[in-house]
1. Can you figure out the FRET efficiency of residue 218 with residue 267, using R₀ = 30 Å and their beta-carbon distance, to the nearest 0.05?
2. Any chance you could check the Cα centroid distance between the stretch 106-141 and the stretch 219-276 for me, in angstrom?
3. So what's the angle, to the nearest 10 degrees on a 0 to 90 scale, between helix 46-58 and the longest Cα principal axis of the chain?
4. With angles folded into 0 to 90 degrees, how steeply does helix 66-75 sit against the dominant principal axis of the chain? Use alpha carbons for both and round to 10.
5. I need the shape label for the stretch 26-266. Rule: rounded when a/c is under 1.5, else prolate if a/b > b/c, else oblate, with a, b, c from the alpha carbon gyration tensor.
6. Take the Cβ-Cβ distance between residue 38 and residue 242 as r, set R0 to 30 Å, and report the resulting FRET efficiency rounded to the nearest 0.05.
7. With angles folded into 0 to 90 degrees, how steeply does helix 2-21 sit against the dominant principal axis of the chain? Use alpha carbons for both and round to 10.
Ligand SMILES: [Zn+2]
């Protein structure tokens, strides 16, 4: 009996803990290509992207910029109602040709993360059998900025940063190249593959970044860490109901439960008699 009582108290305390975090949780969506590519989970069709933007528009969501998010977390500056941040990794040309007209249709903003050594080239850093395509060139990126969108850094060559021998160069070099070519300050970074550790964060701070984006799964959700901002991947086969869940502020509770479930499974595996 006492066990059930204690479990109840624990669940209630956990519920209150996460409920209080909800106002600080701003959904940050992670996209790659906006194109129809078979068997590529990182390519969302323009039709599905259009549906998602229309849904956000009709449900009174407001896109915010990384600067606005930073001011909210660091100074408490208020955000518009239902804030959401849209991000595109790697700077593919279809972000410019397919996504930008849709963003403009709904007066929305997004941030693109180009890889500086691969600007205006074929996507040959992806040696995983991906469909060949091109990335936005410097003129496209300048135009992207001029039309009210944001650009931020995604390193020079897209390495796994925790294993990278040229860590500082990747972070500082890409920042300088973007600033020089686009004539604007670069304060935000996106870790390739969402991978980072303490050394990477220290190097990002040293390079002069104000904040950095990661992926949900690798981030500690109990506190807001400006150098580990959690993003939610939107895959090619994103169902409509799951998209609705992902943009809800309650999604943080769903993710926390999923993390607990995984930790519990790991723990049970470790201590189950069969594993000995
Ligand atoms: Zn990337």
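1. 0.90
2. If we compute the Cα centre of each part, the gap is 28 Å.
3. Its long axis makes an angle of about 70 degrees.
4. 50 degrees
5. Rounded, because the longest to shortest axis ratio a/c is under 1.5.
6. Efficiency for this residue pair is about 0.90.
7. That works out to roughly 20 degrees.
Any read-out appearing in this document is the output of simple, stated calculations on the displayed coordinates, not a laboratory observation. It should be emphasised that the depicted structure is a prediction, and the values quoted were computed from it without experimental measurement. Positions of Cβ are generated from backbone atoms using ideal geometry, with glycine treated the same way; all protein chains shown enter the neighbour counts.
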